[in-house]
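Input: a single structure, listed below in structure tokens.
The values are calculated or read from the model by the stated rules, or taken from the named source; none is laboratory data. All figures in this text were calculated on a predicted structure; none of them were measured in a lab. We place every Cβ from the backbone using ideal geometry, glycine too, and count neighbours over all the protein chains shown. For the accessible areas, the whole protein counts, side chains as well, though only heavy atoms, and no ligand, DNA or RNA atoms are used. Shrake-Rupley method; radii C 1.70, N 1.55, O 1.52, S 1.80 Å.
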Amino acid sequence: MHTVFQSYALFPHLTVAENIAYPLRIAKVPRETIAPQVTEALKMFQIEGLGDRRPSQLSGGQQQRVALARALINRPKVLLLDEPLSALDAKIREEVRQELRELQRQTNLTFIYVTHDQEEAMALSDRIAVMHNGQVRQIGTPTEIYDRPTSLFVAQFIGKANLLSGTVTRSDADATWIQLGGMEIKAIALHSSPQSAAPSP
């Protein structure tokens, strides 16, 4: 498993090429095979021509691409990304976000992506785990999380929601009846997600 940090964590005294090659050197990969792999990584992340520069000579987006290249050069089974885009401005963040999504599809590696940005989570993820106070509140696909939140916290956290307060008057295996103002509504149980319910007139 490799990690991509929020603050890039590049070695300032090494060049871009040396930063990317570092995991291979640590793994004692033969020297003659390192250079071609670094060249391929530079090309993959569209930073060819920057191999001789130091991290301080790069933009934030370029530094993050170097960090990604370094993390992926020896093909880990799992890549942990700890808020990797939070230090970038909005335009660069969106560009790198799309590149990450495409990279995951190309490499077919497991990415575990930590973020406080709901839009980012919805755009990048195949599955989302919503956490609160150190506990997992719900796990599901972006569609499941958005359409069928299992708690008030998840509903408010994952997107804009219309919330109505009512009183449960009766319930059976298939539905629950809720008194809401001057009317009663019927909430149908969704069998694919037993903890959630969809209101119906």
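Before moving on, here are some points about what is shown:
- Pairwise label distance in nanometres, residue 127 with residue 185, each label 7 Å out on the Cα-Cβ vector: 3.1
- Against the criterion of solvent-accessible heavy-atom surface with a 1.4 angstrom probe, 22, 113, 8, 146 sort, most first, into 146, 22, 113, 8.
- Lysines with Cα under 30 Å of residue 160, excluding same-chain neighbours fewer than 8 positions away: 91, 186
- If R0 is taken as 30 Å, the Cβ-Cβ distance between residue 94 and residue 151 corresponds to a FRET efficiency of 0.50.
- Degrees, to the nearest 10: 90-107 long Cα axis against longest axis of the chain: 80
- Area of residue 2 that stays accessible when all protein chains are in place (1.4 Å probe, Å², to 10): 40
- Taking Cα centre as origin and charging only the Cβ of basic (Lys, Arg, +1) and acidic (Asp, Glu, -1) residues, the dipole magnitude of the stretch 1-56 rounds to 140 debye.
- Separation in nanometres of the label points that stand 7 Å from Cα toward Cβ, at residue 56 and residue 176: 6.0
- Taking the chain and dividing mean pair separation by its residue count, relative contact order in percent (alpha carbons under 8 Å, at least six apart): 15
- Cα-projected label distance for residue 25 with residue 160, points at 7 Å along beta-carbon direction, nm: 5.1
- Beta bridges by DSSP in the stretch 53-169, antiparallel share as percent, to the nearest 5: 50
- Each residue of the stretch 38-51 was assigned a 3J(HN,Hα) from its phi angle through the Karplus curve 6.51 cos²θ - 1.76 cosθ + 1.60 (θ = phi - 60°); the sequence is 5, 4, 5, 5, 4, 5, 4, 9, 6, 10, 5, x, 9, x Hz, with glycine and proline shown as x.
- The listed residues 137, 170, once ranked by accessible area (1.4 Å probe) with the largest placed first, stand as 170, 137.
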